[in-house]
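**Q** Below you'll find the structure I mean.
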Amino acid sequence: MAMALRPIRFLGEQVLRRKAKDVEKLDAYIIQLLNDMVDTMYQNRGIGLAANQVGVLKKLIVIDIGEGLIKLINPRILKKEGSEVCTEACLSMPDMLGEVDRATEVTVKAYDEKFKPFEITGRGLLARVLQHEIDHLQGRLFIDMATNVRKCPPPEEEQENP
């Protein structure tokens, strides 16, 4: 199956600052969009991606922190616990890092790709990524809450061996 990549939107593009709308029904467009988001996230070596980041104002996020792919439709946080400051980055701001205080555990209610409701409780990195991506759906970026925001050096290009 061919990969369908969508262009990532970058800081300064208005779509990143707008609130996403609820998905009212599951249709072929939403399923294709979710799959495109997955391909785009993996291609860009991300661990999470919100629909705003590919220019679509729908409440959709995809996450894979290395424990398997999670697709969430209309996610909302039900409960937060704990607090921890960690460094965050974002595919929409590839040259920036910052320290963000987030809950260490969150419970999120969402719909899966069959439009069945479910709850997921994330701890540690998963909790952080869930909060980061759900913030995107509200038009909020990590730099809005971050301290010590700084430019990070671009990743070194892999050198070819002769």
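The values are calculated or read from the model by the stated rules, or taken from the named source; none is laboratory data. As the structure is a computational prediction, the values presented were derived from the model and not from experiment. Here Cβ is always computed from backbone atoms with ideal geometry, including for glycine, and neighbour counts include all displayed protein chains. Surface accessibility is based on the protein's heavy atoms, side chains included, excluding ligands, DNA and RNA. Shrake-Rupley method; radii C 1.70, N 1.55, O 1.52, S 1.80 Å.
**Q** Using DSSP, restrict attention to beta bridges with both residues in the range 9-162 and report what percent are antiparallel, rounded to the nearest 5.
**A** Here the antiparallel bridges make up roughly 95 percent for the range 9-162.
**Q** From the phi angles alone, apply the Karplus equation (6.51, -1.76, 1.60; θ = phi - 60°) to the range 39-49 and give each ³J(HN,Hα) in whole Hz, x where the residue is Gly or Pro.
**A** For the range 39-49, the Karplus curve yields 4, 5, 4, 5, 4, 9, 6, x, 10, x, 7 Hz.
**Q** Need one number: % antiparallel among DSSP beta bridges in the range 1-88, to the nearest 5.
**A** That works out to approximately 90 percent antiparallel.
**Q** Next question, about the same structure. Give the long-range amide H neighbours of residue 48: residues separated by 5 or more places, or on another chain, with amide H under 5 Å away, using H modelled in the peptide plane at 1.01 Å from N.
**A** Residues meeting the amide H criterion: 64.
**Q** First check a/c for the range 34-103, with a ≥ b ≥ c the square roots of the eigenvalues of its C-alpha gyration tensor; if it is under 1.5, answer rounded, and if not, answer prolate when a/b is larger than b/c or oblate otherwise.
**A** Oblate shape, in that a/c is at least 1.5 and b/c is the bigger or equal ratio.
**Q** Does the range 92-140 classify as rounded, prolate or oblate by the C-alpha gyration tensor (a ≥ b ≥ c root eigenvalues; a/c under 1.5 gives rounded; else a/b over b/c gives prolate, otherwise oblate)?
**A** Cα axes put the range 92-140 in the oblate bin.
**Q** Which ³J(HN,Hα) values in Hz, rounded to whole numbers, follow from the phi angles of the range 56-65 under the Karplus curve 6.51 cos²θ - 1.76 cosθ + 1.60, where θ = phi - 60° and Gly and Pro get x?
**A** Working through the residues one at a time gives 10, 8, 10, 7, 9, 9, 10, 9, 8, 8 Hz.
**Q** 7 Å from Cα along Cα→Cβ at both residue 32 and residue 67: what's the point-to-point distance in nm?
**A** 3.3
**Q** Still on this structure, please answer the following. What shape does the range 1-77 have by the C-alpha gyration tensor, where a ≥ b ≥ c are the square roots of the eigenvalues, rounded means a/c under 1.5, and otherwise prolate means a/b greater than b/c and oblate the rest?
**A** In terms of gyration-tensor shape, rounded.
**Q** How large is ³J(HN,Hα), in whole Hz, for each residue of the range 106-115 in order, when computed from phi with the Karplus curve 6.51 cos²θ - 1.76 cosθ + 1.60 and θ = phi - 60°, using x for Gly and Pro?
**A** Those phi angles translate into 9, 10, 10, 9, 7, 10, 8, 6, 9, 6 Hz.
**Q** Continuing with the same structure: At a threshold of 8 angstrom on Cα-Cα distance, excluding pairs fewer than six apart, so keeping six or more, what relative contact order does the chain reach in percent?
**A** That works out to 24 percent.
**Q** Rg and Dmax of the chain, using alpha carbons, in Å: what are they?
**A** According to the Cα coordinates of the chain, Rg and Dmax are 15.7, 54 Å.
**Q** How would 107, 121 rank on accessible area, largest to smallest, probe 1.4 Å?
**A** 121, 107
**Q** Under 8 Å for C-alpha pairs, at least 6 residues apart: give me the relative contact order for the range 67-107, rounded to a whole percent.
**A** Rounded, it is 44 percent for the range 67-107.
**Q** Calculate the length of the line joining the C-alpha centroid of the range 18-34 to that of the range 80-144, in whole Å.
**A** 19
**Q** Which FRET efficiency, nearest 0.05, do residue 14 and residue 45 yield, Cβ-Cβ r, R0 45 Å?
**A** 0.95
**Q** At 1.4 Å probe size, put 99, 24 in order of accessible surface, largest to smallest.
**A** 24, 99
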